[in-house]
Amino acid sequence: MLTADQEIETAEPTNIVIFGVTGDLSKRKLMPALVRMLCCGLVHDDSKIIGIVNNRTEEVWLKLVREGMQEFLPEVVEDENRWKKFLSRLIMVPGDLGDETTYQRLAEALVMLDGKKNAMFYCAIPPDWYGKVTQGLHKVGLANEDEGYRRLVIEKPFGHNLASARALNKELQSVFKEDQIYRIDHYLGKESVQNLLVYRFANSIMEPLWNRNYVDHIQISTAETLGVEYRAKYYEKSGALRDMIQSHLMQMMTLVAMEPPVEFTADAVRDEKMKVLRAIRCIKPEQIKIQTVSAQYASGTLNSENVPAYVTEENVSPDSATETFAAVRFYIDNWRWQGVPFILWTGKRLKSKAAEVMIRFRKPPFNLFDSHASVPAANALIFRLQPEGGVVLRLNAKKPGLTTDNEEMVMRAPYADDAEEVADAYEILMHDVLIGDGTLFSRADEVEASWEIVEPILDAWENRVSIERYRAGTWDIPAMDELTKDCVGGWHKPTIHK
Ligand SMILES: NC(=O)c1ccc[n+]([C@@H]2O[C@H](COP(=O)([O-])OP(=O)(O)OC[C@H]3O[C@@H](n4cnc5c(N)ncnc54)[C@H](OP(=O)(O)O)[C@@H]3O)[C@@H](O)[C@H]2O)c1
């Protein structure tokens with residue numbers, strides 16, 4: 001968690017308005033993050049949290065808040081002082097999102113909180129409502145920044161294809177200026193993702209190697225052991241490509257591939273990310289079979305337990321062809337990365353769980369120790385983003401003994417020894433919104449560019465009636481070996497780095 005003794009910019013008093021305060025995201029992430037931020041002064045003491053609540057009395061809502069906190073941050077409920085302090089910040093505004101009087105009541109409530117005119121509007125609601133809420137705020141003058149800042153936060157998905165992403169951006173920008181809009185990608189809030197930037201730009205040994213002369217290929221991945229869980233209704237329409245690759249993984253690719261920005265500010269960083277997106281080679285329809293992989297989990301065994309096939313999960317159609325595994329091999333047509341494959345892949349119900357960025361370097365040009373049995377492996381630099389953050393460098397070293405045989409030596413640097421020191425992504429990102437720093441948020445043009453890049457793949461996969469299957473709890477996806485067969489080391493599956 002963030003701590004107040006770190007030198008962090010203090011936020012101004014702000015009214016934090018949460019649409020969807022009774023939903024899953026608010027319960028699991030937003031409310032616990034806000035409590036922690038309040039406790040250590042990262043949210044100014046004069047700030048309030050205003051929940052828009054539908055069809056419930058204040059008593060019922062507060063009971064829900066307590067139950068949620070009991071589940072996700074019990075130490076706060078058990079500490080009477082902290083709990084009372086938190087409760088004193090909560091204000092409820094009743095109403096339906098589709099009802100104009102809800103916004104009227106919200107405006108009146110904000111007027112009552114005199115002297116605290118800044119407001120952050122957090123949309124933790126189904127995306128279909130973003131436009132309506134934006135218009136509702138506009139009609140009662142709440143997007144207007146005459147008396148303090150007004151910032152709108154939205155959660156992904158930002159559209160489900162290029163046309164809907166453009167329409168959404170247009171709708172939001174008809175009310176809010178682009179610098180008032182914060183599109184959250186919680187992956188970018190992870191400390192270990194930001195650490196990747198620090199490793200790149202605070203170490204002079206990295207930059208000379210960070211290009212086509214030394215890098216064979218890069219794999220950016222998230223492997224999950226979980227299945228679709230309770231998200232099937234959404235996932236059936238989304239699939240792995242939309243859910244992970246178009247958003248989180250492409251965002252990470254831009255951070256890995258971008259040129260050093262001239263300064264660490266929102267637009268300087270996002271301008272560089274945008275240049276990467278513009279340089280990604282378009283995948284033509286005839287290349288889709290060669291440059292992409294899609295598959296769906298069948299039943300299998302994980303941790304000695306039988307797990308069901310995707311098609312038998314609740315709310316999944318029995319003849320669903322939705323992909324639970326997706327991979328795309330991209331190329332970036334620019335001076336630095338020409339010819340280097342960037343393989344982005346993600347899947348559910350795989351054998352192990354990890355999110356990683358793996359930079360595989362070229363093989364040594366010549367094996368000096370050729371007379372001996374062991375051939376040096378190509379070096380790899382691996383940024384482990386989760387479950388535990390850290391950096392791993394795989395080098396070759398001499399095997400102890402009388403020969404020059406070599407073996408792989410793994411240098412591992414955990415990101416933080418003490419889990420307490422690692423801030424939750426939502427704490428980091430909400431604090432960034434409060435201080436007006438948009439560096440870790442996606443800009444409208446980035447969102448549209450990434451949809452444009454994946455759209456040919458979406459189109460090709462749209463009306464398929466069947467899909468390859470892989471056994472849950474395995475890496476049994478032959479097409480992935482094919483996709484990576486000319487890459488040094490092949491498909492990199494995450495392992496436990498000892
Ligand atoms: N959950 C996650 O981990 C997660 C992760 C990434 C992104 N997201 C995104 O975050 C957003 C919220 O997700 P969620 O999982 O929290 O959804 P959820 O559990 O379904 O919650 C939706 C919230 O919106 C409220 N709502 C819906 N229609 C309303 C209406 N007409 N009037 C007033 N309130 C209304 C619901 O109120 P009621 O309780 O009254 O129904 C509830 O509080 C979505 O855009 C989702 O894609 C979620």
Practice item. For the stretch 11-30, enumerate the residues that are within 11 Å of the ligand (Cβ to nearest atom) and outside any loop (DSSP other than H, G, I, E, B). Key: Ile18, Phe19, Asp24, Leu25, Ser26, Lys27, Arg28, Lys29, Leu30
Review point. Say we look at the stretch 45-63 and pick out the residues that are free of Cβ contacts under 8 Å to residues at least 40 places away in the same chain and more than 10 Å from the ligand (Cβ to nearest atom); which of these is surrounded by the most Cβ atoms within 10 Å (Cβ to Cβ)?
Key: Leu62
Point to revise | Options Gly401, Gly438: the member that is free of Cβ contacts under 8 Å to residues at least 40 places away in the same chain, small (Gly, Ala, Ser) and outside any helix (DSSP H, G or I) | key: Gly401
Revision key, fill the gap. Over the stretch 185-224, the set of residues surrounded by fewer than 17 Cβ atoms within 10 Å (Cβ to Cβ) and either part of a loop (DSSP other than H, G, I, E, B) or among the aliphatic types (A, V, I, L, M) (or both) is Val198, Ala202, Asn203, Ser204, Ile205, Met206, Leu209, Asn211, Arg212, Asn213, Tyr214
Review point. Would you call Val311 touching a residue at least 12 places away in the same chain (Cβ under 8 Å), surrounded by 21 or more Cβ atoms within 10 Å (Cβ to Cβ) and assigned by TED's automatic domain parsing to the domain that holds Met250?
Key: no
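Say we look at the stretch 165-192 and pick out the residues that are of a type in the set (Val, Ile, Thr) and within 16 Å of the ligand (Cβ to nearest atom); which of these is nearest to Pro260 (Cα to Cα)?
That would be Ile184.
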Exercise for review: Being surrounded by 14 or more Cβ atoms within 10 Å (Cβ to Cβ) and not basic (Lys, Arg) narrows it down to one of Leu73, Leu87, so name that one.
Suggested key: Leu73
**Study point:** Matching option when the condition is without any contact (Cβ under 8 Å) to a residue 12 or more places away in the chain, over 31 Å from the mean Cα position of the chain (by Cα) and within 15 Å of the ligand (Cβ to nearest atom), among Asp114, Asp99
**Key:** Asp99
Practice item. Could you tell me which numbered condition Ile8 fails, if it satisfies all but one of (1) part of a helix (DSSP H, G or I); (2) in contact with a His (Cβ under 8 Å, 6 or more places away or on another chain)? Key: (1)
Point to revise | Qualifying position, being touching a Gly at 6+ places or on another chain (Cβ under 8 Å) and not charged (D, E, K, R), among Leu483, Leu440 | key: Leu440
Check your understanding: Among the residues of the stretch 148-159, is any at pLDDT 95 or above, assigned to a helix (DSSP H, G or I), within 16 Å of the ligand (Cβ to nearest atom) and touching a helix residue (DSSP H, G or I) at 6+ places or on another chain (Cβ under 8 Å)?
Key -> no
Point to revise | Out of Val65, Val60, Val76, sole residue that is part of a helix (DSSP H, G or I) and modelled with pLDDT under 95 | key: Val76
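The values are calculated or read from the model by the stated rules, or taken from the named source; none is laboratory data. Not measured: the values here are computed from a predicted model. Heads up, the Cβs are rebuilt from the backbone with ideal geometry, glycines too, and the neighbour counts pull from every protein chain shown.
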